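Notes follow the structure.
Bear in mind these aren't lab numbers, they're just calculated from the coordinates by the rules spelled out. Everything numeric in this text was worked out from a predicted model, so none of it was measured. Don't worry about glycine lacking a Cβ; one is built from the backbone with ideal geometry, like all the others, and counts go over all protein chains shown.
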Amino acid sequence: MAKMLSDRITRLAMPVVAGCVASLAVGISPARADAFQVSFEAAGVQNASRAALCANTGTGTCTTGVESFDARTSNASFTTNFGTGSTITGAYTSVPINVADQYGGAGGTGKYLAANSGAPYSVALTTTLATGINYFGFWLSALDTGNQVAFYKSNVLLYSFTPANLITALGACSAANAYCGNPNSAAPRTNNTQLYAFVNFLDTNGTFDSVRFQENPARGSYESDNHTVGFATTSSGTIVPVPEPASLALLALALAGFSVGRRRPAGDANA
């Protein structure tokens with residue numbers, strides 16, 4: 001009897017485990033489960049470590065380029081080659097561009113992008129690389145809980161990222177936290193209640209062709225700069241931790257047990 005009950009709980013738990021993994025692991029989308037690795041660079045770093053991204057490969061098999069937006073017209077759609085010639089192309093649609101201020105602008109100069117509430121923007125990516133595109137990184141400034149970024153291939157959502165685990169990894173803002181406040185300003189830093197970090201996204205088992213930025217829920221804007229894109233062979237910086245599968249499984253079993261415990265016979269007076 002005990003074994004039958006155990007088998008029944010296990011069968012009930014399996015779909016719950018799958019659902020928990022899909023919904024609780026940072027960035028996992030139910031549409032298609034590409035495995036993305038998210039990492040961040042050292043405090044104050046505002047560009048990708050392109051040498052690190054290509055460290056585990058031979059010459060010619062790893063390619064990245066960067067767009068700084070400094071020469072772009074405000075609030076426009078445009079196409080860029082990320083400095084790669086014709087190897088990688090990005091078509092930005094309805095992009096809000098701001099002049100550098102306390103909230104963004106790598107190096108404290110030039111321009112940066114800022115997705116506002118209700119005004120998302122996207123970049124469609126094409127490449128002549130046989131490998132496709134599996135890497136996208138950017139300087140994420142004035143980080144808030146509404147900063148949402150999603151990755152697509154052929155209009156299918158592969159992965160969506162919310163910043164909860166990144167905020168935890170970077171730590172709460174304080175005078176001792178080097179990620180807090182705009183690093184391009186003198187001490188005391190401007191906007192020193194928000195986090196600033198360069199973030200990397202690496203698709204470890206696939207490729208993507210579109211990236212979408214939005215601010216939801218509204219907490220301000222989604223500021224970013226130095227968009228870096230290409231094909232990378234390894235991650236760079238510190239990996240953002242996600243919930244351990246074992247922990248998720250235990251949670252799922254607890255939920256399954258709770259569900260079993262709530263099922264009562266039809267004639268139960270306490271139902």
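Taking the Cα-to-Cβ direction at Ala218 and at Thr61 and moving 7 Å from each Cα, how far apart do the two end points lie in nm?
Result for the modelled spin labels: 4.9 nm.
Could you sort 208-214, 196-202 so that the peptide with the highest average Cβ count within 10 Å comes first and the rest follow in order?
Top to bottom by mean Cβ count within 10 Å: 196-202, 208-214.
Tabulate in residue order the Karplus-calculated ³J(HN,Hα) for the stretch 219-229, using 6.51 cos²θ - 1.76 cosθ + 1.60 with θ = phi - 60°, rounded to whole Hz; enter x for Gly and Pro.
Along the stretch 219-229, the couplings run 10, x, 9, 9, 8, 7, 8, 6, 5, 10, 9 Hz.
Based on the mean of other beta carbon atoms within 10 Å per residue, what is the order of 64-75, 219-230, most packed first? Walk me through the numbers on the way to the answer.
On the way: 64-75: 17.4, 219-230: 23.9.
Descending packing order for the listed peptides: 219-230, 64-75.
What is the extension gain from Thr73 to Ala35, computed as 0.36 nm multiplied by their sequence separation minus the C-alpha to C-alpha distance, in nm to one decimal? Provide the component values of the computation, followed by the final result.
On the way: separation 38, 0.36 × 38 = 13.68 nm, distance 3.51 nm.
Length gained between Thr73 and Ala35: 10.2 nm.
Ordered by packing density, taken as the mean number of other Cβ atoms within 10 Å over each peptide's residues, highest first, how do 157-164, 86-93 rank?
Packing order, densest peptide first, comes out as 157-164, 86-93.
Given the C-alpha centroids of the stretch 60-86 and the stretch 171-200, what is the distance between them in whole angstrom?
First find each Cα centre; the distance between them is then 27 Å.
If the chain between Thr128 and Asn116 were fully stretched, how many nm would it gain, using 0.36 nm times the residue separation less the Cα-Cα distance?
Full-extension gain reported as 1.1 nm.
For every other residue with a beta carbon closer than 13 angstrom to the beta carbon of Thr89, add +1 if it is Lys or Arg and -1 if Asp or Glu, then tell me the sum.
Cβ neighbours under 13 Å give a net charge of -2.
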